[in-house]
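Everything on this sheet refers to the single structure shown next.
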């Protein structure tokens with residue numbers, strides 16, 4: 001279990017909900033909707049009890065976005081994307097700040113890079129270049145914008161968003177846990193192997209025992225003709241994966257640039 | 001324009017509007033299940049002898065790490081190796097989601113399929129395509145049931161979502 005803990009724990013903020021302070025609402029409809037929201041989140045997520053209270057909340061105030069958003073979540077997690085989208089669209093219509101949430105979910109659960117980017121770009125524009133953080137807390141959403149662009153094949157635009165976000169967060173000393181890894185992998189895909197190496201080495205300082213990074217480091221060293229270091233890093237990736245380290249393993253979805261043991265073994269086998 | 005044609009267009013507009021409205025409504029209280037995503041036993045399509053450790057308590061795959069041998073990569077490799085494109089699928093752009101139960105022994109049943117277009121509206125894809133994807137999902141046979149920290153093993157729900165573009169599988173989640 002130790003192997004999973006590093007990332008597993010980080011993924012659960014998605015489930016942790018705080019009670020809203022309903023006294024901030026001045027009108028009776030919002031206040032009532034808010035109180036019902038607070039009751040709904042106390043019941044088990046996705047249960048009939050919880051969903052009915054959310055419906056009551058929405059009935060009290062049809063534009064109460066927190067209830068629309070929260071009611072949508074179990075549909076998303078359980079693969080009913082049509083119902084999720086209906087609720088989420090209404091949340092966004094009621095409060096455009098939910099563009100960030102919808103964009104993140106389109107990226108994570110549906111790999112809908114085009115629509116995810118559109119939402120996040122709108123959130124970026126509305127919020128003066130700061131679209132917020134992902135639901136699981138792992139990402140500044142500018143990183144997700146970069147990944148969306150990369151997956152659509154727009155590498156230059158991807159690097160632009162990576163650089164903007166990382167440079168900004170380096171100044172604030174809040175660089176994300178996987179930011180250098182993703183930019184490094186992107187540079188690798190662009191065949192900029194020296195830039196990839198620089199980022200992947202930075203990632204090892206950020207997250208010392210992440211097997212995924214050493215796998216990509218190994219591949220990068222081979223491209224730079226540093227075969228001995230390449231082999232060392234692949235073996236280290238395997239050792240970390242199996243014994244003393246961590247690997248990416250989100251409980252909901254496969255992460256982008258996630259490495260499997262089969263990838264590491266395949267790379268090691270190709271050396272022989 | 002003849003009156004007959006005007007009437008036809010009028011009916012068509014009403015039909016399209018009512019379809020769109022139907023697609024854009026939030027769930028009704030009377031239609032809610034005990035838990036979102038529950039799959040009830042259907043004797044017409046489900047195995048009567050499908051064993052469940054806890055008949056009334058089926059968890060979600062993400063609760064206690066229900067997985068597949070080789071993880072998501074194992075599932076994808078299995079599917080991509082077996083999927084065969086057919087020109088009859090060329091209009092299929094959107095998502096097909098297959099949800100099912102993995103029991104405490106790692107066996108599967110209660111498969112349900114849903115289909116939406118790339119605007120997330122319900123749609124209908126080619127039957128052959130749906131049959132093929134269902135057959136492949138049913139053939140996946142290396143499931144690892146969910147287990148809590150005390151070693152209790154659970155039945156769980158899982159889904160496989162296919163992102164399709166013109167009948168080709170562009171991505172598989174989760």
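Each reported figure results from applying straightforward, stated rules to the coordinates on display, with no laboratory input. Just so we're clear, the structure is a prediction, and the values are computed from it rather than from any experiment. Every residue, glycine among them, receives a Cβ derived from its backbone with ideal geometry; neighbour counts consider all protein chains shown.
Go through the range A:228-263 and report how many residues are within 12 Å of chain B (Cβ to nearest Cβ) and either within 21 Å of the chain's Cα centre (by Cα) or surrounded by fewer than 20 Cβ atoms within 10 Å (Cβ to Cβ) (or both). Full working, then the answer.
To start, the set of residues in the range A:228-263 that are within 12 Å of chain B (Cβ to nearest Cβ) comprises A:241, A:247-256, A:258-263.
Still in the list and also either within 21 Å of the chain's Cα centre (by Cα) or surrounded by fewer than 20 Cβ atoms within 10 Å (Cβ to Cβ) (or both): A:247-256, A:258-263.
Of the residues in that region, 16 qualify.
Within the range B:78-85, is there a residue that is buried (at least 17 other Cβ atoms within 10 Å of the Cβ) and within 14 Å of another protein chain (Cβ to nearest Cβ)?
There is at least one residue in the range B:78-85 that is buried (at least 17 other Cβ atoms within 10 Å of the Cβ) and within 14 Å of another protein chain (Cβ to nearest Cβ).
If we keep just the residues of the range B:149-174 that are assigned to a loop (DSSP other than H, G, I, E, B) and in contact with a strand residue (DSSP E or B) (Cβ under 9 Å, 6 or more places away or on another chain), which is nearest to residue A:85 (Cα to Cα)? Show your work before the answer.
Taking the range B:149-174 first, the residues assigned to a loop (DSSP other than H, G, I, E, B) are B:149-152, B:154-155, B:166-167, B:174.
Next cut, in contact with a strand residue (DSSP E or B) (Cβ under 9 Å, 6 or more places away or on another chain) only: B:154-155, B:174.
Working: B:154: 30, B:155: 28, B:174: 17 Å.
Here the residue is B:174.
Is it true that some residue in the range A:215-222 is in contact with a strand residue (DSSP E or B) (Cβ under 8 Å, 6 or more places away or on another chain) and either buried (at least 20 other Cβ atoms within 10 Å of the Cβ) or free of Cβ contacts under 8 Å to residues at least 40 places away in the same chain (or both)?
no
Among the candidates B:100, B:125, B:50, B:64, which residue alone is within 15 Å of the chain's Cα centre (by Cα), in a loop (DSSP other than H, G, I, E, B) and either in contact (Cβ under 8 Å) with a residue 12 or more places away in the chain or over 28 Å from residue B:165 (Cα atoms) (or both)?
B:125
I'm checking my understanding of the structure. Among residues of the range A:72-111 that are free of Cβ contacts under 8 Å to residues at least 60 places away in the same chain, within 7 Å of another protein chain (Cβ to nearest Cβ) and within 19 Å of the chain's Cα centre (by Cα), which one is nearest to residue A:153 (Cα to Cα)?
Only one residue fits best here, namely A:111.
Can you tell which of A:194, A:167 is out of contact with any helix residue (DSSP H, G or I) (no Cβ under 8 Å at 6 or more places or on another chain) and touching a residue at least 24 places away in the same chain (Cβ under 8 Å)?
After applying the criteria, what remains is A:194.
With the checklist (1) surrounded by fewer than 19 Cβ atoms within 10 Å (Cβ to Cβ); (2) within 13 Å of chain B (Cβ to nearest Cβ); (3) touching a residue at least 40 places away in the same chain (Cβ under 8 Å) in hand, flag the one item residue A:137 doesn't pass.
(2)
Let me confirm something: among A:116, A:128, which residue is surrounded by 22 or more Cβ atoms within 10 Å (Cβ to Cβ), under 21 Å from residue A:179 (Cβ atoms) and out of contact with any strand residue (DSSP E or B) (no Cβ under 6 Å at 6 or more places or on another chain)? Walk me through it before giving the result.
On the way: A:128 fails: surrounded by 22 or more Cβ atoms within 10 Å (Cβ to Cβ).
Step by step, each of A:116, A:128 is checked, and only A:116 is surrounded by 22 or more Cβ atoms within 10 Å (Cβ to Cβ), under 21 Å from residue A:179 (Cβ atoms) and out of contact with any strand residue (DSSP E or B) (no Cβ under 6 Å at 6 or more places or on another chain).
Out of the residues in the range B:118-171 that are touching a helix residue (DSSP H, G or I) at 6+ places or on another chain (Cβ under 7 Å) and within 9 Å of another protein chain (Cβ to nearest Cβ), state the one that is nearest to residue A:106 (Cα to Cα).
Among residues in the range B:118-171 that are touching a helix residue (DSSP H, G or I) at 6+ places or on another chain (Cβ under 7 Å) and within 9 Å of another protein chain (Cβ to nearest Cβ), the one nearest to residue A:106 (Cα to Cα) is B:120.
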